[in-house]
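Okay, structure first, notes after.
What follows is calculated from the coordinates using simple rules that are stated; it is not laboratory data. Small disclaimer: the values here were computed from a predicted structure and weren't measured. Here the Cβ is made from the backbone with ideal geometry for all residues, glycine too, and neighbour counts use every protein chain on show.
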Amino acid sequence: MTQHLHAFALVVRDYDEAIAWYTRALGFTLLEDTPMGDGKRWVRVAPRGGQTSLLLAKATKPEQEAAIGHQAGGRVFLFLHTDDFAADYARMLAEGVHFCETPRHEVYGTVVVFEDLYGNRWDFIEPKG
């Protein structure tokens, strides 16, 4: 038996602005955008070639709205790997992605922290080896 993480929910303010940002700024692929009725949609985006997707979940209650951009309490929340740090970093810079630091070289690879359009913090990493 095998298992893998298929998707996880990321609370967003608006479906269309989130789709636009993740597909433009990060180069993710829109996998699915299915209307569910009453304004709700099943929207999934994923990194190119990735197995796990983000389910973009529009906030509908005040407590959900309060979680937008703070899903990990200010800590790095997501870890995006690449096999070409330099090219992807340059593309993301050109798209206006907000980086919280300059890239650094660690024992596990090259890494930089960035924030998505809502302020969630991500590690962008090209692993060693």
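Of note:
- Rg/Rh ratio calculated on Cα atoms of the chain (Kirkwood radius): 0.97
- Spacing of the modelled spin labels on ALA72 and TYR108, each 7 Å from Cα toward Cβ, amounts to 1.0 nm.
- Rounded Å value of the spacing that divides the Cα centres of the stretch 33-52 and the stretch 1-27: 7
- Each Cα pair under 8 Å and six or more residues apart adds its sequence gap; the mean of these over the residue count of the stretch 1-61 is a relative contact order of 42 percent.
- Amide hydrogen neighbours beyond the local backbone of ALA25, cut-off 5 Å, H modeled: none
- Estimated from helical segments only, the mean residue ellipticity of the chain at 222 nm is -5500 deg cm²/dmol, where each DSSP H run of four or more residues counts as -39500 (n - 2.57).
- Computed lengthening from ALA94 to THR60, 0.36 nm per intervening residue step minus Cα-Cα distance: 9.0 nm
- Relative contact order (percent, whole number), the chain, Cα cutoff 8 Å, 6+ residue spacing: 23
- When Rg and Dmax are taken over the Cα atoms of the stretch 21-91, they come to 14.3, 43 Å.
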